[in-house]
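Each remark here refers to the structure printed beneath this line.
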């Protein structure tokens, strides 16, 4: 099992990704509004604000969107990543977002029987 975390900056991307997730057996996701470190400290440290504007070519965004999804199989995980990359196009472009995948050892509350690490 895996935890997919996607931090994205465009709400339209998030809506499209969540819609496409329903088509590839991603059975649930949690979406929260989040705020990056640079946007928080830019008021106190103007250098960060100016640097980010120069690098990204865009205005500072006050919030972004973080998707969390527990995904059972590597096949579904790969499909979910493909969906994200197809929607956002170039994830490496500044101001687009990031995708993180973590292994999940235990999870409770997702299914009838909790998945336990069998060591």
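May I ask you to verify whether residue 26 is modelled with pLDDT of 95 or more and either in contact with a helix residue (DSSP H, G or I) (Cβ under 9 Å, 6 or more places away or on another chain) or crowded, with 18+ Cβ neighbours inside 10 Å (or both)? No, not satisfied. So, of the residues in segment 1-16 that are out of contact with any strand residue (DSSP E or B) (no Cβ under 7 Å at 6 or more places or on another chain) and modelled with pLDDT of 90 or more, which turns out to be surrounded by the fewest Cβ atoms within 10 Å (Cβ to Cβ)? Within segment 1-16, the match that is surrounded by the fewest Cβ atoms within 10 Å (Cβ to Cβ) is 15. Given the structure, is residue 59 farther than 27 Å from residue 108 by Cβ, touching a helix residue (DSSP H, G or I) at 6+ places or on another chain (Cβ under 8 Å), modelled with pLDDT under 90 and assigned to a loop (DSSP other than H, G, I, E, B)? Yes; evaluated as a whole, the condition is true for this residue. Please identify the pairs in which a residue from segment 67-90 that is farther than 15 Å from residue 29 by Cα has its Cβ atom under 7 Å from the Cβ atom of a residue that is assigned to a strand (DSSP E or B), counting only partners at least 6 apart or on another chain. Close Cβ pairs (under 7 Å, with a partner that is assigned to a strand (DSSP E or B)) amount to 88/8; 88/97.
Could you go through segment 63-83 and let me know if any residue there is under 21 Å from residue 32 (Cα atoms), part of a loop (DSSP other than H, G, I, E, B) and at pLDDT below 90. So far as segment 63-83 goes, yes, one or more of its residues are under 21 Å from residue 32 (Cα atoms), part of a loop (DSSP other than H, G, I, E, B) and at pLDDT below 90.
Taking the conditions (1) in a loop (DSSP other than H, G, I, E, B); (2) modelled with pLDDT of 85 or more in turn, residue 94 satisfies each one other than (2).
The values are calculated or read from the model by the stated rules, or taken from the named source; none is laboratory data. This structure is a prediction, so every number in the text was calculated from the model and none was measured. Note that each Cβ is placed from the backbone with ideal geometry, even for glycine, and that neighbours are counted across all protein chains shown.
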